[in-house]
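Below you'll find the structure, written out as C-alpha cells, and then a few comments.
The values are calculated or read from the model by the stated rules, or taken from the named source; none is laboratory data. Please read these numbers as outputs of a predicted model, since none were measured by experiment. Glycine gets a Cβ as well: all are built from the backbone with ideal geometry, and neighbour counts include every protein chain shown. Protein only, heavy atoms only, side chains kept; ligands, DNA and RNA dropped before computing areas. Shrake-Rupley method; radii C 1.70, N 1.55, O 1.52, S 1.80 Å.
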Amino acid sequence: MQIGIIGLGRMGAGMARRLARGGAQVLCYDQAEAARAGVASEPGIECAEDLAALCARMDGERVVLLSLPAGDAVEDTIRSLVPLLATGDTLVDGGNSYYRDSMRRAMALSQQGLRYIDAGVSGGVHGEQQGYCLMLGGTPKSIEIFEPFARILAPGPERGWLHCGPSGAGHFAKMIHNGIEYGMMQAYAEGFALLRARTDLSFDLGRLAETWGHGSVIRSWLLELCADILRHDEDLAQVAPVVPDFGEGRWTALEAVELGVPAPVITMALMARFSSQGRSDAARKLLAMMRARFGGHAVRGPQ
C-alpha cells in the first residue's frame, strides 16, 4: 500500500492525509518547500526532495498520483517522470485535465509500458474528512491496481468511486460534473438575489436556505453552503461580484456545440461568469451609446 503523490495544494495534501490515515504509505513531492513542510510531520507521510528521489524510494510496481493544475504543469511533470518510471508502473492524473489530453497521454504512455488513469476528483477542501468522489478512466487492469487507494479516498469503500470507462472517460465525466455545478450554482445565486430584492417581505435568507435543506426537492450540499454563508453574512458587502471560470465550464460548452446537444443552462452560467469578469462591459457601453444616438437617452458616466 505505497503511493506517490506529486502536488501538495489543497486537494493533493488532503488526499495524502486521507490515504495515510487509511493505512497507505505515502511519499510526496511538491516544488514548494512550504507545501512539503505542511505534510511532512503527518504520520504515514514522507516527503522527497525531487521526483527522482520519490521514484527511487518506491518499491515494486509504482503508483504515482498527480494533483496538479491542468495543462503545462501536468505535461511537464509527466515528461520528467517517464525516464524515472518502469514498465508496469501506473500514473494517475487526479487533476482537471482536458479529457482529450488524457486520451492522448494514455496512448503515448501505453507505448512505453506505463499504465495511465484519468481520475476526476470532486470533494474540494472537505474531501479529506468526508471522502472524495472519484471518476476513473482507464483499462480494467489499471483500475484494479488503483482500487485499494480509491477505496480509501472515497466516502466509503463501496461507494463514491466508479470505473467510468476507457481512457478519457474519467476526465470527461468530471468535465460534465463541473458544467452541472456551474448551472446549479448560478440557479441558487439567482434565486437568492430575487429573494433579497423583495425587502418588503423581510426574508431571513440564511434560515430559508437552511429550511430548504430539509425535505425540499432542491436540497443539496451547495444549498447547505449557501445557508452557512447567508447566516453569517447576508449582505456579502465585502465580496466583489467577480466569479472566475476555469477550463471545465468552457470545455463543456464547446463539447455541447461539437455534439449538437443543447446545454443552455450550463452555457448561460458560463456566460454569466464572463460577464462578472467585465467581459461584457464593451458591449454594454456600445448599447448605451446606440440608445443615446437613436433615442436621445441619457448616458451615465463611469462610476
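Here are some notes:
- Near pairs, Cβ below 9 angstrom, 6+ apart or cross-chain, from segment 108-121 (touching a residue at least 60 places away in the same chain (Cβ under 8 Å)) to any residue that is assigned to a strand (DSSP E or B) and crowded, with 23+ Cβ neighbours inside 10 Å: V121/L134; V121/M135
- Residue check, F274 within 23 Å of the chain's Cα centre (by Cα), open to solvent by 80 Å² or more (accessible area, probe 1.4 Å), within 27 Å of G95 (Cα to Cα) and not aliphatic (A, V, I, L, M): no
- Scanning segment 1-23 for residues that are in a loop (DSSP other than H, G, I, E, B) and either surrounded by 16 or more Cβ atoms within 10 Å (Cβ to Cβ) or within 18 Å of the chain's Cα centre (by Cα) (or both) yields G7, L8, G9, G22.
- Scope segment 80-103; condition farther than 15 Å from G138 by Cα, over 22 Å from the mean Cα position of the chain (by Cα) and in a loop (DSSP other than H, G, I, E, B); matching residues: L85, A86, T87
- Only one entry in D72, D59 is without any contact (Cβ under 8 Å) to a residue 12 or more places away in the chain and of a type outside the set (S, T, Y), namely D72.
- Residues in segment 219-236 that are open to solvent by less than 80 Å² (accessible area, probe 1.4 Å) and part of a loop (DSSP other than H, G, I, E, B) were compared, and the one that is nearest to S275 (Cα to Cα) is L236.
- From the list G249, G183, G278, the lone residue that is in contact with a Phe, Trp or Tyr (Cβ under 6 Å, 6 or more places away or on another chain) and either touching a residue at least 40 places away in the same chain (Cβ under 8 Å) or under 25 Å from P69 (Cα atoms) (or both) is G249.
- Within segment 277-298, considering residues that are farther than 25 Å from E190 by Cβ and in a helix (DSSP H, G or I), the one least open to solvent (accessible area, probe 1.4 Å): A292
- Count - residues of segment 115-133 that are farther than 24 Å from V82 by Cβ and in contact with a strand residue (DSSP E or B) (Cβ under 9 Å, 6 or more places away or on another chain): 6
- Members of segment 116-133 that are surrounded by fewer than 20 Cβ atoms within 10 Å (Cβ to Cβ) and assigned to a loop (DSSP other than H, G, I, E, B): G131
- Selection from segment 142-173 of residues that are under 21 Å from S110 (Cβ atoms), in a helix (DSSP H, G or I) and either in contact with a strand residue (DSSP E or B) (Cβ under 7 Å, 6 or more places away or on another chain) or acidic (D, E) (or both): S142, I143, E144, I145, F146, E147, F149, A150, A169, G170, H171, A173
- S216, sole failed condition from (1) out of contact with any Asp or Glu (no Cβ under 9 Å at 6 or more places or on another chain); (2) in a helix (DSSP H, G or I); (3) open to solvent by less than 70 Å² (accessible area, probe 1.4 Å): (2)
- Of all residues making up segment 136-170, the number that are closer than 20 Å to L8 by Cα and touching a helix residue (DSSP H, G or I) at 6+ places or on another chain (Cβ under 9 Å): 4
- The residues of segment 176-226 that are touching a Gly at 6+ places or on another chain (Cβ under 7 Å), farther than 25 Å from A256 by Cβ and of a type outside the set (D, E), listed by number, are R219, L223.
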